[in-house]
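Here the structure comes first, spelled out in structure tokens, and everything after it is commentary.
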Amino acid sequence: MVSSFISTALSSNEWYFVRQLFVRLFLILFVYTILRFVFLTVHWEAFQTVYFTVTTENIFWIFFTGTNFDLIVIIFINIPIIITHLMPSPWRKYSAYPSVLRIAFITINAIFIFIGIADIIYYQHAMERASGAIFGVLDGFWLLLYRYSMEYWYALVFFTLILIILYWVDRKIEEDAKENTTYSVQFLLLLLFVPIIFLVASKITDKFPANTTAAATNTPFILINDMFTSGSLLNDQNLTEHTFFKPDEAEDILSIQKNYHRPEKSENSFNVMIIVLESFSKQYIGYFQEGKSHTPFIDSLYNKSLVFTNAFANGNYSNEAISSIYTSIPNLMRPPMIASRYKYNDINGIASLLGGKGYNSAFFMGSPNGLFGYDFFTERAGFEQYFGKSEYDNDTDYDGAWGIYDDRFFGFTAERLDEMEQPFMASLWSLSSHHPFLTPPDYQDTLEEAGDHPILKTIRYTDHSLKLFFEEIQKMPWFNNTLFVITADHKSNTNNHTAYYSTPLGAHRIPLIFYKPGSDLTGVNHEPVQHIDILPSVMDYLNQDVTFSSMGKSVFDPVDNRFVYQYYNRLFQISDDTFFLQYDGEELISLYNHRKDSLMQNNLLFQQAEIPDKMLETLKATMQYYNRAMNENEFIKSSGASSPRTRAEKP
């Protein structure tokens, strides 16, 4: 009887669905390998810069290691298919059963193959893999799907071709299955394979392996399927609670609680206007460049403003910048806070802080209302009014992609600002210098220049739109009583494969100026500053008696150590005016003297160089405080460990 059962269990028919499952999974693995090959081929030139180190010598290792991550992701997303193949079921006797399995298998995997192909195109715009993270911005994704499908029609053809071949091959390799009713054998096969499969699939929620990051020579995003990364796909776990320090010690190191009020001086009730320019890399600002300028008006403002030559974004996307700029909370996780489970956390918004001092507030962005949840987040940050495409109410000025053309919406903003009661806190966000780089038809002849990348025409256009905006508001009585903060949400993520701007530090270079008409707020500051410093700097300049939590520091506060930090390509990084350090949460990955080695060719860790202790301590404290504050909703809750940070006195 036992020998009969073993004979039955080992028969070819009993293993039919197991064989079919493995063939299908490895078929998808082959497709992912093809996508990695296309990704590397399309972006090969980008990976020949100094920082990226993809060569013909390490190409085999890249494919081999990347396949490991692909296999984990494939098993994870195919769990329903796996269970269906292995689960004993009376439905198997029906002839339609294999066809239903095939359709389910292709449909589920088609979604992720599509994302993988879109990722090949996306990388040239973001210099980072998107993959699973794209689910965090589905509203914007669907908004642009039609336009991108038309522009990148060849990618759509490629996607369709893969599905056709996948379907054809799957049918070709299908065996003739006989009726199978040996449920005891099938159940044993289920018990055998399912625990193994779930164990492998669970790796999707693991932290990115430190040794892989280090061995990848700073190119982990090429190796892996991004959905492997914790938080990128169907992962709603809390952030890791670090215990580098006691909670109150971490807050003390960062001086989280702040109050910059100087009692001997009166509070200022200047209006505050924060202008955020889409994708305006520092490299596009003529003030910093030699030769022809694309930004003549912005250059003119630089000559009468406080200019920060060493300014950095804390994130790489617009929906990461919004929390950094308006709430002084950097983005140190995936996905961005605005699209995460933490979006309901209590926050110190600049509009809410000033609202408590009698300020009115409004946020202006010409995109369709609801895009990326900006209207929701700005309301939580204290903005009383939101003006978007709906409030503009004239679709003839809609660019068909991101929103209302800049010059039109800037004029609308000027009119609404003039209706606001002073003092006010307002912010304007530009749109046109974002792919697909659309400008009004009446501007085309004056903006196009032969040989230019399309972004340059929109840089010129937005600069001109800003000129028209300032010409209009200069006539208004509140203009001279207004502090303007002008920055970019992030550097340009398009056609930026120059060596320096491909480094993880150069990838965050942005412009930043403080402009107060007719004041002595002028000069040049070379210290490293970042988006999260804007909120405390405004509160300091206004001398408002407000105690608040902030991960940034006032640019007017002469502190001993200034650091900027980001979470980029799955690594935590911090820099001061000399050193740049990367850390994965467990191991140091790299250390560079970026002042001497701006292209980051010489990793000082390989030379056993001394680690800047204060820098690493600050990064660990930042990671610990950030994760705990996110998990426990404590961004505006003091631990009581320290008194508010006051403005330091210059020696």
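The values are calculated or read from the model by the stated rules, or taken from the named source; none is laboratory data. Note that this is a predicted model, so its numbers are computed, not measured. In this analysis, Cβ positions are derived from the backbone assuming ideal geometry, glycine residues included, and neighbour counts consider all displayed protein chains. Areas reflect the complete protein model, heavy atoms only, side chains present, ligands, DNA and RNA absent. Shrake-Rupley method; radii C 1.70, N 1.55, O 1.52, S 1.80 Å.
Here 411, 400 are screened, and the one residue that is touching a residue at least 12 places away in the same chain (Cβ under 8 Å) and exposed (fewer than 13 other Cβ atoms within 10 Å of the Cβ) is 400.
In this structure, does residue 265 turn out to be basic (Lys, Arg), within 21 Å of residue 541 (Cα to Cα) and surrounded by 24 or more Cβ atoms within 10 Å (Cβ to Cβ)? No, not satisfied. Among the residues examined, residue 489 qualifies as within 19 Å of the chain's Cα centre (by Cα), more than 27 Å from residue 250 (Cβ to Cβ) and among the acidic types (Asp, Glu).
Looking at 37, 69, 76, which one is open to solvent by 50 Å² or more (accessible area, probe 1.4 Å), of a type in the set (A, V, I, L, M, F, W, C), part of a helix (DSSP H, G or I) and at pLDDT 65 or above? Working first, answer last.
On the way: 69 fails: open to solvent by 50 Å² or more (accessible area, probe 1.4 Å); 76 fails: open to solvent by 50 Å² or more (accessible area, probe 1.4 Å).
After ruling out the rest, the residue left standing is 37.
Tell me, please, whether a residue that is farther than 21 Å from residue 331 by Cβ and open to solvent by 20 Å² or more (accessible area, probe 1.4 Å) can be found in region 568-577. Even if it seems obvious, please write down each step before you answer.
In the first step, residues of region 568-577 are kept if they are farther than 21 Å from residue 331 by Cβ; the result is 577.
Still in the list and also open to solvent by 20 Å² or more (accessible area, probe 1.4 Å): 577.
Yes; the residues of region 568-577 include at least one that is farther than 21 Å from residue 331 by Cβ and open to solvent by 20 Å² or more (accessible area, probe 1.4 Å).
The residues of region 605-633 that are touching a strand residue (DSSP E or B) at 6+ places or on another chain (Cβ under 9 Å) and either open to solvent by less than 30 Å² (accessible area, probe 1.4 Å) or closer than 30 Å to residue 549 by Cα (or both), listed by number, are 611, 612, 615, 616, 618, 619, 620, 622, 623, 629. Among (1) in contact with a Pro (Cβ under 7 Å, 6 or more places away or on another chain); (2) closer than 25 Å to residue 426 by Cβ; (3) at pLDDT below 95, where does residue 271 come up short? All conditions pass for residue 271, except number (3). The set of residues in region 460-495 being at pLDDT below 95 and within 17 Å of residue 313 (Cβ to Cβ) consists of 489, 490, 491, 492, 493, 494.
Residues in region 495-518 that are open to solvent by 40 Å² or more (accessible area, probe 1.4 Å) and assigned to a loop (DSSP other than H, G, I, E, B): 495, 497, 498, 518.
So which pairs qualify, if the first residue must be in region 334-349 and farther than 17 Å from residue 534 by Cβ and in a loop (DSSP other than H, G, I, E, B), the second must be open to solvent by less than 20 Å² (accessible area, probe 1.4 Å) and among the aromatic types (Phe, Trp, Tyr), the Cβ gap must be under 9 Å, and the two must be at least 6 apart or on different chains? Taking only residues 6 or more apart or on different chains, the pairs are 345/635; 346/635.
When you look at residue 324, is it open to solvent by less than 10 Å² (accessible area, probe 1.4 Å) and not in a helix (DSSP H, G or I), yes or no? Taking the combined requirement at face value, the residue does not satisfy it. Taken together, the residues in region 550-565 that are outside any loop (DSSP other than H, G, I, E, B) and either of a type in the set (Phe, Trp, Tyr) or at pLDDT below 95 (or both) amount to 1.
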